[in-house]
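Since every read-out is calculated from the coordinates, none of them should be taken as a lab result. All values derive from a computational prediction rather than experimental measurement. Because the Cβ atoms are built from the backbone with ideal geometry, glycine has one as well, and the counts that use them run over all protein chains shown.
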């Protein structure tokens, strides 16, 4: 036999970092690279768990100094009130500056048209890209993770966008070692994804370890919902239920938080972080597969939206 | 408190036995079964979820193929699905009870060598796939050479399609012997050869009953147990300064911390340090690990160092133990892989990013280019085209504290950028590497 059998035992070196420590260290490195190389970075902050973890990491990266970035929220007008409340408290607690781009303003002005299916998620792209141009942001942090979707699996940590905010997957820069390339021409910007290598479970384990506070809707609660396209949607002024849809009271929670018109709740008894972790670990559905209508539109729905400038 | 930088000194044991992260890459030619192996690893470790499988089944049915095409799990772009090939690196995530894995799934075509280099640059382990019926082919040698070039610490040879050679031990043994000898001649320190059938699942996650002559681990078992983290934390300590943290608040009026991710080795409070390129010296007064004071920190932790003296230090500087500080140089010879479509030429002006520092530089000479077909050096080519591997001499505008890539992947690597449009041009590794240097072995090709 000529094979070399693995000599390693089951124990790791005392230098080994836990996977959460390794992911945290990498994300902090990314935040500090951006702080060192860009003039006007901004964090996309929706009040969802990924952006909350991003903010938590940014706070740790620059402690004891303040986070050297402002926040940008694209408000679809169909946001969960609990999430907007969380957003405003976070901004006040950490003395941050918040920019808000309102989809409703664009609809009121006639610049954007309401879609027949009522979902406002795709309408976010124009207000987002215009806010980036107007404020001259040159680095825009997003909470996107590569495990979310197969187009996102191809995304770089530093992702160059042209002056129209477009992503061109065939012209991505190779990303070598941890040498991130942030160079861009005036008008262009770079989307930065510090959570690229995190999974949904990593995010929740980190939330538990760091005792990060989340909006209540991530935990099991009673809610008035109705069924549309196989998902439980929250009833409300945004446009539901329709005539042949009926409201029910169910024990549910949200796995993702986005626009109310396309983010579904899941039946759940998980009312603590530990129970959520156990639930996700056992789930046979991905986060987006379970709760996002917009990804089901076509095989390349995410890739197409990202090309247009979506996050 | 200690002032030594001896890497042999024991570190706090609290992190032992923790669930760690392994980054690995796969390499294999188009028909070697790479997608099947990746699909099998994901599937058998229960990392493919119902809605993902349903989406693959829907898409497979939509184009009339029989049964789900598992390659659709990994080919995420329109153009990839249209052409049925993998164009770009994709990153996959899966976990077992013992470890978390980040898999850089890299394309196998010759024209995507740069993507393989991209995947291998962060990998601690590479799986090279070989078809048992064909044995070692040109692509196998290329994959082994890239693993050697990038100093991927561990290489797994997966001899696939053992079901098509009757699970015969001599077939496997011959390929394993040839590959191990070839890899050793390239300077690959550790090869683990595993006979598998990715299609049937033999020795991927579950041990094979049909190859009882094989006593080693399955692919997954090896991935779970291989020790890798020691490499980064050993060696001399290096901290590239990313950002200076100065709160200037009432609570912290005098705080001045040098933030960065430790590139190699360990720092301890009390260590005597030198700042490069200025050469000024001081002592570590404190270490903050993301807001918490600690006595010791090691690679790849992101930390903030506080020094005893008020020195002029900014982004781009490197902090190292005075006793083990690297020399600073302005003339660099590196082994490179050119990753841009436009060629790299002698006399070209570029930007060079090393750790956190970007400086002007000029390409002085391109002494050789590796002929990828047989890995022989081609002298004085004058230019490097996309996917070319070669030697390049560069003169930098400012002195840089460069380590040899063989000593430290982080402080021994740098990239060249186009000063006009900022494009990433070339991946570079300082010092001599095995490939293109050890001629006798390479002449085997």
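Per Stokes-Einstein, at 4 °C and 1.567 mPa s, what whole-number D in µm² s⁻¹ belongs to region B:212-333, with the Kirkwood radius over Cα pairs as the hydrodynamic radius? Could the numbers behind the result be given before it?
Details: Rh = 16.0 Å.
The Stokes-Einstein estimate is 81 µm²/s.
One-quarter of the Cα convex hull surface for region A:103-239, in nm²? The partial results should precede the final answer.
Details: hull surface 46.8 nm².
Averaged projected hull area, Cα only: 11.7 nm².
Expressed as a whole percent, how much of the Cα-Cα distance distribution for the protein assembly as shown exceeds 39 Å? Could you put the intermediate results ahead of the total?
Numbers: 103170 of 285390 pairs.
The calculated P(r) of the protein assembly as shown puts 36 percent of pairs beyond 39 Å.
Mind sorting A:130, A:155 by how few other Cβ atoms lie within 10 Å of their own Cβ, fewest first? Write out the running numbers ahead of the final one.
Numbers: A:130 15, A:155 25.
Lowest to highest Cβ neighbour count: A:130, A:155.
Considering the Cα trace of region B:180-282, what is its radius of gyration and what is Dmax, both in angstroms?
Reported Rg and Dmax, both Å: 23.8, 71.
How big is the shadow of the Cα convex hull of region A:22-78, averaged over all directions, in nm²?
On the way: hull surface 17.4 nm².
Mean orientational projected area (region A:22-78, Cα hull): 4.3 nm².
What's the percent breakdown of Cα-Cα distances in region A:127-188 across 10 Å bins, shortest bin first?
19, 52, 27, 1
Grab the DSSP H runs of the protein assembly as shown that are 4 residues or longer, score each as -39,500 (n - 2.57), total them, divide by all residues and round the 222 nm result to the nearest 500 deg cm²/dmol. Let's see the in-between values first.
Working: 19 runs with 185 residues, N = 756.
The helix-only estimate for the protein assembly as shown comes to -7000 deg cm²/dmol at 222 nm.
Taking every pair of distinct Cα atoms and averaging 1/r, then inverting, what Kirkwood hydrodynamic radius in Å comes out for region B:330-406? Please list the in-between numbers first.
Values: mean 1/r = 0.0773 Å⁻¹.
The answer is 12.9 Å.
Evaluate the Kirkwood expression for the hydrodynamic radius of region B:184-226, namely the inverse of the mean inverse distance over all pairs of different C-alpha atoms, and round to one decimal in Å.
On the way: mean 1/r = 0.0888 Å⁻¹.
Here the Kirkwood hydrodynamic radius works out to 11.3 Å.
Taking other Cβ within 10 Å of each residue's Cβ, how do A:184, A:29, A:221, B:143 sort, fewest first? It would help to have the intermediate numbers written out before the result.
On the way: A:184 19, A:29 23, A:221 16, B:143 29.
Going from least to most buried by this count: A:221, A:184, A:29, B:143.
In which sequence would B:47, B:393, B:197, A:95 go, from the one with the fewest C-beta neighbours within 10 Å to the one with the most?
A:95, B:393, B:47, B:197
How many percent of the alpha carbon pairs in chain A exceed a separation of 37 Å? Intermediate values should be presented prior to the final figure.
Working: 7803 of 48205 pairs.
Percentage above 37 Å: 16.
Residue by residue through B:308-316, how many Cβ atoms from other chains fall within 10 Å of the Cβ on average?
Numbers: counts 0, 0, 0, 0, 0, 0, 1, 5, 1.
Mean partner-chain Cβ count within 10 Å for B:308-316: 1.
Obtain the nm distance between the two label points defined at residue B:59 and residue B:395 by a simple spin-label model: each point lies 7 Å from its Cα along the Cα-to-C-beta direction.
Between residue B:59 and residue B:395, the label points sit 5.1 nm apart.
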